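Step one of this worksheet: look at the structure below.
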Amino acid sequence: MSNHVHRREALRLATAAGLSALLPSRLLAVGAAPELAGNLKAFARKWVGPGKVPGMVIALGLPGLQTRYIAQGSQGFIDPDAMGPDTLFRIYSMTKPVTGMAAMLLVDEGRVGLDQPICDFLPKFAKMNVQVTPDGSVTEVKPAKNPITVRHLITHTSGLAYGIVQQGPIRQLLFEKGL
């Protein structure tokens with residue numbers, strides 16, 4: 001047996017979640033809550049354990065009902081603390097696809113354009129400067145040729161520096177500013 005979540009299983013869960021959005025909220029909340037919670041508990045039991053994942057927390061929020069939390073396992077293979085609704089997760093780069101999907105929903109609704117400058121939402125980005133020399137002086141800058149767009153942010157091509165990969169004076173400046 002494989003210890004990885006199979007695409008078909010993930011697709012089934014995603015499909016069920018998607019189809020549930022089409023049901024009237026009262027019907028979903030009253031009729032499906034116990035079965036859905038049971039299925040999620042079984043899913044958690046199946047994937048939590050040695051050689052799999054140490055633990056997981058699932059939040060089940062249905063209209064008109066209090067949010068239920070299904071917690072299984074521990075916070076780490078060598079960390080005995082149990083998972084719970086208040087467990088903190090270090091998701092690092094997983095925020096990128098989540099944020100990208102949220103932005104694409106706004107694009108789909110026509111509320112945001114992919115090639116729309118972000119200064120429309122964040123005015124401080126209206127007059128951006130770029131370093132003349134990468135990893136050079138933070139005072140040797142010139143005006144950016146183009147504005148940063150939503151597309152740039154989603155595809156990580158905005159040119160904004162990351163403290164963990166940036167070198168030189170800009171890294172020191174980011175550190176001093178607590179960024």
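Listed by chain and number, the lysines whose C-alpha is less than 28 Å from the C-alpha of residue 127, apart from same-chain residues fewer than 8 away, are 96, 142, 145, 177. Evaluated with a Cβ-only charge set (Lys, Arg +1; Asp, Glu -1), the range 42-179 carries a dipole of roughly 140 debye about its Cα centre, given to the nearest 20.
Explain nothing, just the number: relative contact order of the range 27-151, from Cα pairs under 8 Å at least 6 residues apart, as a whole percent.
RCO, the range 27-151: 14 percent.
Distances between placed amide hydrogens fall under 5 Å for residue 141 paired with 132, all partners being 5 or more residues away or on another chain.
For the range 121-137, the residues whose backbone nitrogen is under 19 Å from a point 7 Å from the Cα of residue 174, taken along Cα to Cβ, are 125, 128-137.
Just to be sure I follow: if Rg is taken over the C-alpha atoms of the range 115-169 and Rh is the Kirkwood radius over the same atoms, what is Rg/Rh? Working shown, then result.
On the way: Rg = 11.8 Å, Rh = 12.1 Å.
Taking Rg over the Kirkwood Rh, I get 0.98.
Count charges around residue 87 for me, please; just the other residues with Cβ under 13 Å from its Cβ, Lys/Arg as +1, Asp/Glu as -1.
Around residue 87, the charge tally is -2.
With 0.36 nm allotted per residue and the present C-alpha distance subtracted, the residue 107-residue 135 stretch has 6.7 nm of extension available.
Arranged from fewest to most other beta-carbon atoms within 10 Å of their beta carbon, 148, 78 become 78, 148.
Since every read-out is calculated from the coordinates, none of them should be taken as a lab result. Note that the structure is predicted; figures quoted are calculated from it, not measured. Heads up, the Cβs are rebuilt from the backbone with ideal geometry, glycines too, and the neighbour counts pull from every protein chain shown.
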